[in-house]
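Take a look at the structure below.
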Amino acid sequence: MAESSIQEKPYFCPNCRSNRVKFNMVTMYSQPFLKDAVTGMVDSTDEPVAVDEQEPNIQCRVCGFTGNEMRFIKQAEREPRG
Ligand SMILES: [Zn+2]
């Protein structure tokens, strides 16, 4: 699952630089569906499938900034919690 791709390293939001704790993981889903070629009606849908991304996008729940996980990890490495 996508959750296993989150690294167990400290994060630090590079935007507000006040949050190391509260985050969302933003995952893309692929939703298959069939469309009627004449009416455009959606005929049937299958289960959404999570798109496997090498590096998940992380959203800061304090300021709303969303960015690649590495940006949060790098910021934590630059400014470790003292
Ligand atoms: Zn932030």
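Sorted ascending by nearby beta carbons within 10 Å, beginning with the fewest, T45, T27 become T45, T27.
Between P14, P56, P48, the Gaussian network model of the chain with springs among Cα atoms under 10 angstrom shows the greatest mean-square fluctuation at P48.
Give me the dipole magnitude in Debye, nearest 20, for segment 2-78 about the Cα centre, with unit charges on the beta carbon: positive for Lys and Arg, negative for Asp and Glu.
Working: 9 positive and 11 negative charges, 167 e Å.
For this selection, approximately 800 debye.
Here's the list of lysines a cross-link from K9 could span, going by alpha-carbon distance under 20 Å and ignoring same-chain residues fewer than 8 apart: K22, K74.
What is the sum of charges, Lys and Arg at +1 and Asp and Glu at -1, for the other residues whose Cβ falls under 12 Å from the Cβ of V62?
With Lys, Arg at +1 and Asp, Glu at -1, the net is +4.
Exposure proxy check: E77, E8, E47 ranked by fewest other beta carbons within 10 Å? Kindly include the intermediate steps, with their values, before the conclusion.
Working: E77 11, E8 4, E47 7.
Ordered from fewest to most neighbouring Cβ atoms within 10 Å, E77, E8, E47 come out as E8, E47, E77.
All of the numbers you see were taken from the coordinates with simple rules; none came from a lab. Worth saying up front: this structure is predicted, and the values here are computed from it rather than measured. Note: ideal-geometry Cβ built from the backbone for every residue, glycine included; neighbour counts use all protein chains shown.
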